[in-house]
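The values are calculated or read from the model by the stated rules, or taken from the named source; none is laboratory data. Worth saying up front: this structure is predicted, and the values here are computed from it rather than measured. Note that each Cβ is placed from the backbone with ideal geometry, even for glycine, and that neighbours are counted across all protein chains shown. In case anyone asks, the SASA skips ligands and DNA or RNA and just uses the protein heavy atoms, side chains included. Shrake-Rupley method; radii C 1.70, N 1.55, O 1.52, S 1.80 Å.
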Amino acid sequence: MSRYLISGGRVVDPASGTDEVADVFVADGSIAGIGRDPATADAEVVDASGLVVAPGLVDMHTHVREPGREDEETIATASAAAAAGGYTAVCAMPNTDPVADTAAVVEKVWALGREAGLVEVLAAGALSRGLAGEKMADLGEMARSAARVRIFTDDGHGVQNALFARRAMEYLAAFDGIYAEHCEDAALAAGGQMHEGDRSAELGLRGIPAAAEELMAERDIALAKITGCRLHLLHVSTAGTVDAVRRARAAGVRVTAEATPHHFTLTDDALTGYDPNAKVNPPLRSEADRAAVIAGLVDGTIGVIATDHAPHALEEKDVEFQYAPPGLVGLETALALGISELVVPGHLTLAELIDRMSAAPAGILGLESQGALRTGGPANLVVFDPNVSWTIDPAQFHSRSRNTPFGGRTVTGKVVHTFFNGRRVVRDGAVESEALV
Ligand SMILES: [Zn+2]
């Protein structure tokens, strides 16, 4: 197996508090040493001067589309997009076809991830059979399967029935599983195309009120309190939800939350030209909501940045706004948006950004192989240039889909190399071709 000396980079590891120039020696899949002068016979030198060396990023929220919509994305193409974006682990959402609501499907997703071999692919399991919100899926069976599912969600839908939510949390609490919610009251959100506010009135589009998210967030927090279950709120988008999570955490409720790059970067102003690529669920909100999401990331109320990478085929998005499905691809732009929108303006330090994108999600998911640079641990790491500016070109994506509102946007920060289990799967920004077979 290859040996690498990643030399002279700024090593940023929030888990250990390291932030200093050092060499990282990779051998036999592991980090063999970090410091100024490790013994490095036969190692290939990777010059990292001027670059940052950090634990590989961990995405808690990726739609891989396989099985069922391989025209939009496969586990192999999602893995390539993830590696190109600096990720070494992604959590695959269960809203596939068939739905990942049995041990057989989650094991299939997990096995296809291992076969692709570019990042660790974790399977999330559905809470309810067929995402119908009625009968509980075989949560224990999925947890005990080879895929070892830790996180369960009906993402794409909010769980509408509070009693179902309570029962699922009670079941999960027994083995410390995580209940993850896409907070959306279906009746309040019905027919909505974008955030409800001045902009939706101007554009003549039906709005989704912030309350559609906040009511379910508050309900789930109340249920987490009585069940003791770990609750994770997906893609938090409103000031009210941030506030609810902040109060709940202060009161000792076991709740964590994530926000997406698009929600901390864009507002409903992005809809002015009816760009179907800016249509997402939950929708892009107001400037006050965006500011509240950033404040939540700053004080740790929102501990995690997740992409909600949601590939769609060109022809699906190339329709009138109201018929376009919501979602955008995010794996290949997340780090640059984090640096550009959070680090450059001074909201987060680089170490805090890496915490939100790597150490914190790895901690929530209980991944010992991810989220930290440990001597003797697996070499899952990213080497990136924090200062280079570049223009996003969707034609260059490794994802099979191109749906992004960020095409043509100039951003700061670019992945140079990604190492997965000690293999260099991305070299000088390109996914290694032998890794793509
Ligand atoms: Zn969702």
Exercise for the section: Measure out, as a whole number of angstrom, how far apart the alpha-carbon centroids of the stretch 350-369 and the stretch 29-66 sit. Expected result: 15
Problem - Extended-chain gain in nm, criterion 0.36 nm per residue less alpha-carbon gap, Asp198 and Arg148 - result: 13.5 nm
Exercise for the section: Report, to the nearest 10°, how far helix 162-173 tilts away from the longest principal axis of the Cα atoms in the chain, using its own Cα long axis and a range of 0 to 90°. Expected result: 30
Handout entry: DSSP-defined antiparallel bridges as percent of all bridges, the chain, nearest 5
Key = 50
Practice task
Determine the per residue accessible area of the stretch 9-82 with all protein chains present and a 1.4 angstrom probe, expressed in square angstrom.
Solution key: 35
Problem - Estimated FRET transfer efficiency (Ala174, Glu141; beta-carbon r; R0 22 Å; 0.05) - result: 0.95
Fill in the blank from the handout: Expressed per residue, the solvent accessible area of the stretch 357-426 in Å² (1.4 Å probe) is about 35
Exercise for the section: Jot down the radius of gyration and Dmax of the chain, Cα atoms only, both in angstrom. Expected result: 20.5, 67
Practice task
At 0.36 nm per residue, minus the direct Cα-Cα distance, what do Val344 and Val298 gain on full extension? Give it in nm, one decimal, please.
Solution key: 15.2 nm
Fill in the blank from the handout: With the label point 7 Å along the Cα-to-beta-carbon line of Glu320 and a cut-off under 20 Å to each amide N, the hits in the stretch 174-199 are 190-195
Completion exercise
In degrees, nearest 10, the alpha-carbon axis of helix 287-299 is tilted away from the dominant principal axis of the alpha carbons of the chain by 50
Problem - Length-normalised contact order of the stretch 218-264 in % [C-alpha pairs under 8 Å, at least 6 apart] - result: 47
Practice task
Subtracting the Cα-Cα distance from 0.36 nm times the residue separation, let me have the gained length for Thr410 to Arg114 in nm, one decimal.
Solution key: 103.2 nm
Practice task
Tell me the label-point distance for the pair Glu44, Ala187, using the 7 Å Cα-to-Cβ offset, in nm and rounded to one decimal.
Solution key: 6.0
Exercise for the section: Can you figure out the FRET efficiency of Lys225 with Val388, using R₀ = 56 Å and their beta-carbon distance, to the nearest 0.05? Expected result: 0.75
Problem - Rounded percent of accessible protein surface that carbon and sulfur make up, the chain, 1.4 Å probe - result: 49
Handout entry: Among beta bridges that DSSP assigns inside the stretch 284-437, antiparallel share in %, nearest 5
Key = 95
Problem - Solvent-accessible surface (1.4 angstrom probe) belonging to Thr412, in square angstrom, nearest 10 - result: 40
Handout entry: Radius of gyration, Dmax [the stretch 256-366; alpha carbons; angstrom]
Key = 14.5, 42
Completion exercise
Mean separation of Cα contacts under 8 Å (at least 6 apart) over the residue count of the stretch 233-349, i.e. the relative contact order in percent, is 30
Practice task
With r as the distance between the Cβ atoms of Arg427 and Thr375 and R0 = 35 Å, compute the FRET efficiency 1/(1 + (r/R0)^6) and round to 0.05.
Solution key: 0.90
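With runs of 4+ DSSP H residues as the only contributors, calculate the mean residue ellipticity of the chain at 222 nm using -39,500 (n - 2.57) per run, divided by the residue total and rounded to the nearest 500.
-7500 deg cm²/dmol
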